[in-house]
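*Asks:* Got a structure for you, written out below as structure tokens; questions coming shortly.
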Ligand SMILES: [Zn+2]
Ligand SMILES: [Zn+2]
């Protein structure tokens with residue numbers, strides 16, 4: 001094996017911008033402008049970026065069914081056709097070239113995984129990846145193909161034990177479902193309770209299939225959960241599950257729609273908490289998995305105030321660099337006009353949200369979340385320790 005390159009790999013290229021459901025859709029490729037620019041300002045080396053290449057149908061077939069791929073090809077060629085097979089939903093509307101754009105998201109995440117498996121890098125980050133809602137025969141929740149699942153399956157087929165940690169505000173239902181019966185893939189999803197939020201799943205009692213009891217962990221958190229119990233939940237669950245499962249590689253979905261300013265959900269998380277969690281994942285990768293850690297983006301719909309800083313904090317954790325206290329002035333100046341043109345909040349001055357940006361969670365929320373965490377852990381540890 002070669003000595004790994006010391007810098008984390010960043011997967012980004014023109015193909016990322018092709019994944020676009022059109023004007024007005026929240027999952028906009030405008031995110032890449034201010035997002036990638038902030039990584040560059042903070043010292044990411046553009047020469048080391050890996051542009052995503054589309055994955056072949058054969059590769060996609062490791063997770064998706066042939067009839068589904070055929071339907072997506074047809075809808076991508078003729079997006080105005082009625083989706084008779086109902087393989088998409090109204091949040092995930094077909095667009096021209098959708099198949100190729102989605103295949104590139106998969107190719108980006110899989111390419112990162114292959115470099116980690118080859119020992120070229122220990123850490124990689126694909127901000128445009130993380131399409132955790134896609135199922136083998138269903139595109140849903142802005143996710144057409146499941147890049148995470150294709151990459152995880154590759155690692156698993158090479159004999160790895162994969163720990164998947166998902167901190168997107170929505171339940172990581174697609175990844176969980178695809179590996180439901182696979183004891184070699186441990187999924188853990190921290191999300192806002194499905195009582196009020198898409199996709200409405202991810203309950204504590206959902207723990208994996210008969211062949212893999214305990215291989216799924218779900219931590220549904222109360223609406224209004226803030227930094228205190230979000231960080232507490234991740235810091236209690238992730239290290240304990242890692243210690244019991246003994247992964248040889250980490251895959252994380254770092255969706256930042258849990259942020260207090262995010263328009264689509266109701267958690268109250270700050271960039272301070274997001275940074276702490278990213279650094280915990282780095283620590284776990286080194287402690288258990290020889291450093292092997294593939295991170296992706298995910299949700300995150302406040303394009304200028306939240307997404308760029310959230311991505312930067314993942315990259316900084318992977319680069320083992322301290323975060324600066326302030327965002328670079330040039331970066332703010334470059335994106336202020338575009339933010340204003342889209343009636344969006346401006347690029348923030350501080351990297352870390354001031355205390356007070358996030359609402360304080362009630363004692364009731366703290367207690368319900370604690371009970372959720374202990375119920376989830378109790379079962380999982382009994383099963384994993386009993387192996
Ligand atoms: Zn590291
Ligand atoms: Zn999400």
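*Asks:* Quick one: which residue in 55, 44, 103 is crowded, with 18+ Cβ neighbours inside 10 Å, modelled with pLDDT of 95 or more and part of a helix (DSSP H, G or I)? Don't jump to the end; show me each part of the working.
*Replies:* Values: 55 fails: part of a helix (DSSP H, G or I); 44 fails: part of a helix (DSSP H, G or I).
Within the list 55, 44, 103, the selection yields 103.
*Asks:* Take the residues in segment 248-273 that are surrounded by 23 or more Cβ atoms within 10 Å (Cβ to Cβ) and within 16 Å of ligand 1 (Cβ to nearest atom), then tell me which one is nearest to the chain's Cα centre (by Cα).
*Replies:* Applying the filter and picking the extreme gives 254.
*Asks:* Scanning segment 125-144 for residues that are touching a helix residue (DSSP H, G or I) at 6+ places or on another chain (Cβ under 7 Å) and surrounded by fewer than 24 Cβ atoms within 10 Å (Cβ to Cβ), which turns out farthest from residue 106 (Cα to Cα)?
*Replies:* Checking each candidate, the answer is 137.
*Asks:* Select the strands (runs of 3 or more DSSP E) contained entirely in segment 169-270, then report the ones holding at least 1 residues which are over 24 Å from residue 117 (Cα atoms). Working first, answer last.
*Replies:* Details: elements: 185-192, 216-221, 249-253.
The qualifying strands (runs of 3 or more DSSP E) are 185-192, 216-221.
*Asks:* Count, please, the residues in segment 1-22 that happen to be assigned to a loop (DSSP other than H, G, I, E, B) and at pLDDT below 95.
*Replies:* Taking segment 1-22 and keeping what is assigned to a loop (DSSP other than H, G, I, E, B), we get 1-4, 6-8, 12-13, 19-22.
Then drop every residue that is not at pLDDT below 95, which leaves 1-4, 6-7.
Total satisfying the criteria: 6.
*Asks:* For segment 298-309, which positions are out of contact with any strand residue (DSSP E or B) (no Cβ under 7 Å at 6 or more places or on another chain) and either free of Cβ contacts under 8 Å to residues at least 24 places away in the same chain or within 16 Å of ligand 2 (Cβ to nearest atom) (or both)? Walk me through it before giving the result.
*Replies:* Step one: filter segment 298-309 for residues out of contact with any strand residue (DSSP E or B) (no Cβ under 7 Å at 6 or more places or on another chain), giving 299-301, 303-305, 307-309.
Within segment 298-309, 299, 300, 301, 303, 307 qualify.
*Asks:* Here is a list: 71, 62. Which entry is assigned to a helix (DSSP H, G or I) and under 21 Å from residue 133 (Cβ atoms)? Even if it seems obvious, please write down each step before you answer.
*Replies:* Details: 62 fails: assigned to a helix (DSSP H, G or I).
None of the others qualify; the one that does is 71.
*Asks:* Go through (1) at pLDDT 95 or above; (2) closer than 29 Å to residue 324 by Cβ; (3) part of a loop (DSSP other than H, G, I, E, B) and name the single condition residue 93 misses.
*Replies:* (2)
*Asks:* To continue, here is another question. Out of curiosity, is residue 223 over 20 Å from residue 153 (Cα atoms), within 15 Å of ligand 2 (Cβ to nearest atom) and surrounded by fewer than 24 Cβ atoms within 10 Å (Cβ to Cβ)?
*Replies:* Values: over 20 Å from residue 153 (Cα atoms): yes; within 15 Å of ligand 2 (Cβ to nearest atom): yes; surrounded by fewer than 24 Cβ atoms within 10 Å (Cβ to Cβ): yes.
Answer is yes for this residue.
*Asks:* Right, something else. Look through 76, 104, 90, 71 and report the one residue that is under 19 Å from the mean Cα position of the chain (by Cα) and either in contact (Cβ under 8 Å) with a residue 24 or more places away in the chain or over 30 Å from residue 4 (Cβ atoms) (or both).
*Replies:* Numbers: 76 fails: under 19 Å from the mean Cα position of the chain (by Cα); 90 fails: under 19 Å from the mean Cα position of the chain (by Cα); 71 fails: under 19 Å from the mean Cα position of the chain (by Cα).
Going through 76, 104, 90, 71 in turn, the sole match is 104.
*Asks:* Is there a residue in segment 279-295 that is in contact with a strand residue (DSSP E or B) (Cβ under 7 Å, 6 or more places away or on another chain), within 11 Å of ligand 1 (Cβ to nearest atom), in a loop (DSSP other than H, G, I, E, B) and closer than 22 Å to residue 146 by Cβ?
*Replies:* yes
*Asks:* For residue 110, are the conditions met, namely being away from ligand 2 (no atom under 13 Å from the Cβ), in a strand (DSSP E or B) and crowded, with 23+ Cβ neighbours inside 10 Å?
*Replies:* On the way: away from ligand 2 (no atom under 13 Å from the Cβ): yes; in a strand (DSSP E or B): no; crowded, with 23+ Cβ neighbours inside 10 Å: yes.
The answer is no for residue 110.
*Asks:* Something else about it: Tally time: how many residues in segment 328-360 are at pLDDT below 95 and either assigned to a helix (DSSP H, G or I) or in contact with a strand residue (DSSP E or B) (Cβ under 9 Å, 6 or more places away or on another chain) (or both)?
*Replies:* Looking only at that region, the number is 4.
*Asks:* Please find, among 165, 148, the residue that is within 16 Å of ligand 1 (Cβ to nearest atom) and within 21 Å of residue 111 (Cα to Cα). Break it down into steps so the answer makes sense when it comes.
*Replies:* Working: 148 fails: within 16 Å of ligand 1 (Cβ to nearest atom).
Of the residues listed, the single one that is within 16 Å of ligand 1 (Cβ to nearest atom) and within 21 Å of residue 111 (Cα to Cα) is 165.
*Asks:* Of the residues that sit in segment 184-205 and are away from ligand 2 (no atom under 15 Å from the Cβ) and closer than 20 Å to residue 252 by Cβ, which one is surrounded by the fewest Cβ atoms within 10 Å (Cβ to Cβ)? Full working, then the answer.
*Replies:* Initial filter on segment 184-205 (away from ligand 2 (no atom under 15 Å from the Cβ)): 184-188, 195, 203-205.
The next check asks that each one be closer than 20 Å to residue 252 by Cβ; those that pass are 184-188.
Values: 184: 18, 185: 28, 186: 26, 187: 30, 188: 25.
The residue in question is 184.
The values are calculated or read from the model by the stated rules, or taken from the named source; none is laboratory data. Keep in mind that this is a model prediction, so the values were computed, not measured. Cβ atoms come from the backbone with ideal geometry, glycine included; neighbour counts cover every protein chain shown.
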